[in-house]
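Since the structure comes first, as structure tokens, the remarks are kept for the end.
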Amino acid sequence: MRSLFPKSRTSNINVNGNANLQVLGRYVKLNALLAIIAAVIGLWALQVLFSYLSELDALSDSYTMSDALAFIFYRSPYFLEEFMPTGALLGAVVGLGLLANKSELVVMRAAGVSIYRIVGWVLQPALLFVLLALAINQFVLPYSNQRANEINNEDNTSLVTSVRGYWTVQPRFKTVATNSNSSNDNTNNNADEASVQPDGSDILYIDYADVKGSLGEIKRWHLDNSGNLQTAIHATGGKYTGRQAVTSDNASPSEQYRYEWQLGNMTTLSINQGFGSSQSTTASDIISLPFAPKSVYLLTRQAEDLSLTQLYEHRQFMRQQGKRSLTHELAFWQKLLSPLSILSLVIVACSFVFGSLRTHSLGLRIVVALLFGLLFSYVQDLVGFISLATGFSPLLMVLLPIIASTAAGGYLIKRQM
């Protein structure tokens, strides 16, 4: 019987200890969550305000105050997602810093709570922002960025040379009838035979396309075999009409069908060999592409305006075509790995607080956190540019800042053990 009493007493101590840890964990999580929410909303509000002030300089008769407000409204989800990692870093520093100023972290450490447990408590509310960032990238940004670009399309019209939309060069062929020189006793050989000969190439530009098959502005320039410009065509829009099977034996698996669009309000400029030109307007014309409407939609959108699934579909489509778009690959890995960026910065924030419980003030910690957040953002942009310039793996270049910040935060935390 004597052996039963110590066991029951020990179990009561363990139960009370676990209950106290749960209460303490909820307290730390709540402080961290409220601080991160306040930091993210504060940075987001400042960015929205600065963007609105910058739009005031662009006001005109065609771009009114209501247009500027609508543009800022649709652009605000992008600002929220952009500042979420820095906001999580700043909020974690503020939340733990307030606990450190009241010596609550010292009491927790003295009570036997490890640093790793406290860091785990802070990381749990950060996971909510991880899910929020993924949801914004997947469901909100494709729609909001598109609406913002429709309202403020100054970049599409102010530049003579624009890289927006989709550009492609298509070889053109013409069928020429040739008379056979065979004997007269074979009537089949006397018949005219058709041969396919090169007829220069077409440079095609599509400003916009949607998944339903509607095209925006279309421009097409036809060059002859010598590279001389023959015709220039401009159409205000197009509508998908259907597809036709490619019967050629040389067609690749990705070109088994030719998808056709009917262009409307088309203006044609013909240039003669004597440098004379003539302009005509026709109601419609047919344009043919080896891409389905959904693929054309992906090709005409910028990488930052596509969701994760759309970026993955774009990547698979480019692989089928034997091509590669580093811009879209970089955007895919940046959006997919953005949750790891948030968690790594939270770890760095914890290392700032535990490394300076008594020697530095909360204001200094906030300044250091902001500087580190800006440095992390600039390094991410820098490695992205390096990947685009050198063709180096976008996945590895996106992972490098995340791994470096996580290692630095883990090292600083371990020093405080």
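Just so you know, all these numbers are worked out from the coordinates, no wet-lab data involved. The model shown is predicted, which means the values in this text are computed figures rather than measured ones. Note: ideal-geometry Cβ built from the backbone for every residue, glycine included; neighbour counts use all protein chains shown.
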**Complete:** Non-local residues with an amide H under 5 Å from the amide H of Arg172, with H modelled 1.01 Å from N and Pro and chain starts lacking one, are Asp199, Gly200, Ser201, Asp202
**Request:** Pull out the extension gain between Asp210 and Lys174, defined as 0.36 nm times the separation in residues minus the alpha carbon to alpha carbon distance; nm, one decimal.
**Result:** 9.9 nm
**Message:** A 26 angstrom limit on the alpha carbon distance is what I want to check against. Which of Lys174/Lys219; Lys335/Lys414; Lys239/Lys335; Lys174/Lys294 exceed it?
**Reply:** Lys335/Lys414; Lys239/Lys335; Lys174/Lys294
**Message:** Please list 3J(HN,Hα) in residue order for segment 36-47, calculated via the Karplus relation 6.51 cos²θ - 1.76 cosθ + 1.60 where θ = phi - 60°; whole Hz, with x for glycine and proline.
**Reply:** 5, 4, 5, 5, 5, 5, x, 5, 5, 5, 5, 5
**Asked** Between Arg415 and Leu229, how many nm apart are label points set 7 Å from Cα along the C-beta direction?
**Response** 6.3 nm
**Message:** Could you work out how much longer the chain between Arg319 and Phe50 gets when fully extended? Use 0.36 nm per residue separation minus the Cα distance between them, nm to one decimal.
**Reply:** 92.8 nm
**Message:** Please give me the summed charge of the neighbours of Val348: other residues whose Cβ is under 14 Å from its Cβ, Lys and Arg +1, Asp and Glu -1.
**Reply:** +3
**Asked** Mind listing the phi-derived Karplus ³J(HN,Hα) values for segment 114-126, rounded to whole Hz, using 6.51, -1.76 and 1.60 with θ = phi - 60°, and x for any glycine or proline?
**Response** 6, 5, 5, 5, 5, 4, x, 5, 6, 5, 5, x, 5
**Request:** Provide the gained length on full extension for the span Met65 to Ala19, in nm with one decimal, where the gain is 0.36 nm per separating residue minus the Cα-Cα distance.
**Result:** 10.9 nm
**Asked** For Gly237, which sequence-distant residues (separation of 5 or more, or a different chain) have an amide H within less than 5 Å of its own amide H, given hydrogens modelled in the peptide plane?
**Response** Ile218, Gly264
